[in-house]
1. How many residues are at pLDDT 95 or above, part of a helix (DSSP H, G or I) and among the charged types (D, E, K, R) when one looks only at segment 50-80?
2. Which residues, counting only those in segment 369-391, are over 19 Å from Thr319 (Cα atoms) and either buried (at least 24 other Cβ atoms within 10 Å of the Cβ) or among the aromatic types (Phe, Trp, Tyr) (or both)?
3. Only residues that are without any contact (Cβ under 8 Å) to a residue 40 or more places away in the chain and not small (Gly, Ala, Ser): list them for segment 206-218, please.
4. Please work out which one of (1) more than 15 Å from the ligand (Cβ to nearest atom); (2) out of contact with any Cys (no Cβ under 6 Å at 6 or more places or on another chain); (3) among the hydroxyl-bearing types (Ser, Thr, Tyr) is the condition Tyr241 fails and give its number.
5. Which one of these is buried (at least 24 other Cβ atoms within 10 Å of the Cβ), of a type outside the set (Ser, Thr, Tyr) and assigned to a helix (DSSP H, G or I): Ala110, Ala131?
6. Is there a residue being assigned to a loop (DSSP other than H, G, I, E, B) and in contact with a helix residue (DSSP H, G or I) (Cβ under 7 Å, 6 or more places away or on another chain) anywhere in segment 264-279?
7. Could you pull out every one of the strands (runs of 3 or more DSSP E) wholly within segment 146-236 that has 3 or more residues that are in contact with a strand residue (DSSP E or B) (Cβ under 7 Å, 6 or more places away or on another chain) and hydrophobic (A, V, I, L, M, F, W, C)?
8. Is it true that some residue in segment 57-69 is buried (at least 21 other Cβ atoms within 10 Å of the Cβ) and of a type in the set (Ser, Thr, Tyr)?
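The values are calculated or read from the model by the stated rules, or taken from the named source; none is laboratory data. Computed from a predicted structure; not experimentally measured. Ideal geometry is used to build each Cβ from the backbone, glycine not excepted, and the neighbour counts take in all protein chains shown.
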Amino acid sequence: MDSIVVTGGTPLNGQIAIAGAKNAALTLMPATLLSEEPLTLTNAPRLSDIKTMTALLQSLGVEVTSMQDGKVQVLSSHAMTSTTADYDIVRKMRASNLVLGPLLARHHEAVVSLPGGCAIGARPMDIHVTALEAMSAEIELKDGYLHAKAPGGLKGAKVPLRFASVGATENVLMAATLAKGTTVIENAAREPEIVDLAKCLRSMGAQIEGEGTRQITIQGVDRLGAATHPVVTDRIELGTYMLAPVFAGGEVECLGGRLDLVGSFVEKLDAAGVDVTETPDGLKVKRRTDRAKAVDVTTEVFPGFPTDLQAQMMAMLCTAEGTSVLEEKIFENRFMHAPELIRMGADIEVQGGVATVRGVERLKGAPVMATDLRASVSLILAGLAAEGETTVSRIYHLDRGYEHIEEKLSGVGAKIERVSA
Ligand code: UD1
């Protein structure tokens with residue numbers, strides 16, 4: 001199994017190009033199920049999660065053509081052969097559940113495996129199910145699969161979500177585009193990936209208003225057509241690389257970066273003593289002092305601090321001056337990076353959903369193990385500033401969400417290499 005070896009202590013300088021968002025692409029791809037005509041996605045990221053979604057869609061009969069080394073994906077659902085999302089694919093990636101809404105909307109039926117437990121928490125599907133039931137779907141759980149049908153088609157409805165779930169908002173938004181009448185999603189998630197999905201659906205002919213606010217209104221139409229859509233910048237990859245010079249020193253410009261995608265994160269960086277400046281091509285980042293300052297962070301739904309940047313922020317705060325308190329409010333088990341950071345010399349105490357990080361002067365390189373996608377990258381970032389060598393194993397998690405990470409970091413001067421065992 002591959003591992004990544006990072007040798008700390010080199011300041012980073014230069015530019016890093018930020019890719020299209022994994023989490024946007026994973027909801028844009030199933031949107032193809034809503035139309036017989038092709039959907040072309042440009043600026044698609046090259047990641048193993050995208051390959052998993054491709055395999056899932058192909059198993060339903062979708063034709064997927066990858067061009068420009070995977071940056072352009074053309075999807076066509078004109079000859080569907082199945083409406084069943086099999087456990088073997090769904091268990092690899094929770095986002096597979098995003099086929100449920102579109103399948104129900106266009107084919108009036110779907111059988112989708114439950115994703116099962118996940119390393120960062122239980123992640124159930126109740127919000128998706130309750131919402132689609134409000135739109136007249138009949139859904140039952142049998143043999144680990146959700147069996148859903150909507151005889152006569154989905155009907156528009158008022159759909160209040162008990163929590164602003166990203167996936168549930170996306171499923172309902174897609175389903176409602178072809179439902180009869182008007183759907184109003186209340187307490188909708190406001191993440192930029194949802195705004196991107198709404199934009200794409202609108203190019204396909206959907207009638208949507210209010211994306212990016214708590215209430216989204218969708219007027220169902222009879223059919224959707226072809227569209228070409230550029231995937232929005234990945235704000236989590238952006239935030240991750242914005243932290244690289246905070247760990248290692250130097251100045252890095254993240255090409256394609258936008259302040260509106262990372263507002264709450266930038267506020268915390270500013271409080272920690274980091275300068276972020278807008279440039280014509282993106283965002284430039286440099287720390288003001290030798291050591292960052294401690295800050296408290298609570299993860300929230302967008303526009304709050306993203307849970308997907310919590311691990312990276314914790315790793316940074318391990319060497320900040322003072323004590324930081326991090327509270328994880330989205331997932332119940334998302335501090336698995338803490339024991340690994342402690343192996344590198346960090347002083348962290350975890351109690352339930354709260355971690356107290358007392359800043360130490362420097363971390364020391366160590367062999368560490370990645371436990372999930374964002375935890376893995378936090379260990380690589382920590383390695384950039386640590387004394388000596390850090391070997392991160394189980395990096396298949398990384399390839400799910402970061403394309404060409406070694407090239408991107410070595411391009412700005414990091415000493416990093418992938419080693420095959
Ligand atoms: C998406 C992102 C993920 C990110 C998360 C929160 C994708 C592909 N993934 O995941 O990277 O960390 O948003 O920003 O876009 N929940 C329920 N019942 C449900 C659905 C969710 O209890 O029916 C709970 C989950 O267990 C979790 C919380 O709600 O604790 C957030 O989940 P949700 O917003 O749905 O995240 P995902 O869409 O799975």
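1. Count: 1.
2. Within segment 369-391, Ala370 is the sole residue that qualifies.
3. Residues satisfying the conditions are Gln207, Ile208, Glu209, Glu211, Thr213, Gln215, Thr217.
4. The failed condition is (2).
5. Numbers: Ala110 fails: assigned to a helix (DSSP H, G or I).
The match here is Ala131.
6. Pass one, segment 264-279, residues assigned to a loop (DSSP other than H, G, I, E, B): 272-273.
If we keep only those that are in contact with a helix residue (DSSP H, G or I) (Cβ under 7 Å, 6 or more places away or on another chain) as well, we get none.
Checking segment 264-279: not a single residue is assigned to a loop (DSSP other than H, G, I, E, B) and in contact with a helix residue (DSSP H, G or I) (Cβ under 7 Å, 6 or more places away or on another chain).
7. Details: elements: 158-160, 182-186, 207-209, 215-219, 227-230.
Strands (runs of 3 or more DSSP E) meeting the threshold: none at all.
8. Checked against the condition, which is being buried (at least 21 other Cβ atoms within 10 Å of the Cβ) and of a type in the set (Ser, Thr, Tyr), segment 57-69 yields no hits at all.
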